[in-house]
Amino acid sequence: MLHNAETTLRTLRTELSETSAADAVLRGELRAAVQAATAATQEVLAARELVEARESVVAQVELDLRRLERSATAIDQLSPFHFVVCPRCAQRLEARPVPEDHCTVCLQADPAEEDVDPAAVREARSALEQQLQDARELMRADAEVLRRARDRSSDAEFLATNLRRQLDAQTRDVVAPRFDAISDASARVAALNGGIDAVLHLRDSWARVRTIAQAAKNITARRKDANAELKVRRAESDARRSLVGDLSSRFTTTLMELNLPWEQSAVIDPGTYLPVVDNTPFESLQASGGALQAGVNIAYHLALLECGLTHPDILVPSILIIDSPRKALGSNPDDRERGRRIYSRFKALTDAYGSRLQLIIADNDTAPLPDDAFSTIQLDYTHPMVPGVAHPGPNHTTRTEDEYQA
């Protein structure tokens, strides 16, 4: 439909251009007449401005002439008088000092003789009258120019109007109907284009709707996956929380077995996974030192070791090295009993898990258990090295482990 409407519009415009070509001469004459009328109008405007300027000059000269006449009349009538009182306020003027050659009324310097000389006044009047006569002659000449310009403008307007009527008469029956048809065809083309634009806009809107719907669908799917993952993570978190609870229970049990008199409550903080004893965090316990700090450290690491052995998903080493576990306990009978309890806990772990763990304890004294409870390596000044590791000698300057790594 749009293609057919555009074809019809092009056909009408072609016919109109062919018809208009026959009127080209008349249109050219009309164009020239319109240009001549425009030029004549501009000439009338210029002539009118010139006449108005001449009228202003004549009015100014007439004003100067009247001013000169009033001044001469005032001088002739008032110069014989000698004022003794002010003509305005009637105050006496004799007592006021007046410089020589100055007016006794206004105190201004007396005018020069040539300014008040009757002959000079007559000469100025004659000059102004001559200027007025010349200005009036020029104004009459310019007014005649304006009249002729108006006549030419009227003739040009008349000619352009007649040519325009002739052109209208020639094109009324041929061009006007085609103009109406072109207008209708143009409106139809515009309406069809508008309909197409509306369809395209609607199509784009539906495309955006489909895009938004797909995006919403994707978001819903991602939300479903996220909820599923959240559920899994929560289950894992709950499972991990149970592991923390198990660690806390083992730590509390181990610490109670050590029978430390200072301990009233002991748990593992679920946020830091570190011991809290008697509401005191692990960092403060470390700073305090003493038997409580040593016992908490031993109990905590033993609990970690046992949890790692019972729960494979807890990634802690299966080896534990403890240096001087009884050093901070003291030497009274109760302290010796706590030392024995610590070693009994070591023995219970090794009996329970066997080769699954390796426990190395460095101590200055032998274990307070039977000799066959642990494998013992005694080190002294004569035999300061672990068997199988040669002593490097007094001149050795590098670390033994560095040599073995090399």
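The values are calculated or read from the model by the stated rules, or taken from the named source; none is laboratory data. Because the structure is a prediction, the values reported are computed rather than measured. So basically every Cβ, Gly included, is an ideal-geometry build from the backbone, and we count neighbours across all protein chains shown.
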In region 193-248, the residues that are in contact with a Phe, Trp or Tyr (Cβ under 8 Å, 6 or more places away or on another chain) and in contact (Cβ under 8 Å) with a residue 60 or more places away in the chain: 247
Right, residue 299: modelled with pLDDT under 90 and either within 20 Å of residue 342 (Cα to Cα) or surrounded by fewer than 16 Cβ atoms within 10 Å (Cβ to Cβ) (or both) or not? yes
Whichever residue in region 36-63 is in contact (Cβ under 8 Å) with a residue 12 or more places away in the chain and among the charged types (D, E, K, R) and, among such residues, is nearest to residue 132 (Cα to Cα): 62
Looking for whichever is free of Cβ contacts under 8 Å to residues at least 60 places away in the same chain, more than 23 Å from residue 254 (Cα to Cα) and surrounded by fewer than 16 Cβ atoms within 10 Å (Cβ to Cβ) here; the options are 366, 397. Which one fits? 397
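Residues are listed down the side, and each one gets a yes or a no for (1) part of a loop (DSSP other than H, G, I, E, B); (2) of a type outside the set (Lys, Arg):
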site	(1), (2)
309	no, yes
316	yes, yes
321	no, yes
328	yes, yes
336	no, no
342	no, yes
346	no, yes
355	no, yes
Tell me which residues, restricted to region 105-127, are part of a loop (DSSP other than H, G, I, E, B), at pLDDT below 70 and surrounded by 10 or more Cβ atoms within 10 Å (Cβ to Cβ). 110, 111, 117
Exactly one condition in (1) at pLDDT 70 or above; (2) exposed (fewer than 11 other Cβ atoms within 10 Å of the Cβ); (3) under 30 Å from residue 168 (Cβ atoms) is false for residue 18; which is it? (1)
Here the residues within region 273-292 that are touching a residue at least 12 places away in the same chain (Cβ under 8 Å) and surrounded by 17 or more Cβ atoms within 10 Å (Cβ to Cβ) are 275, 277, 282, 291, 292
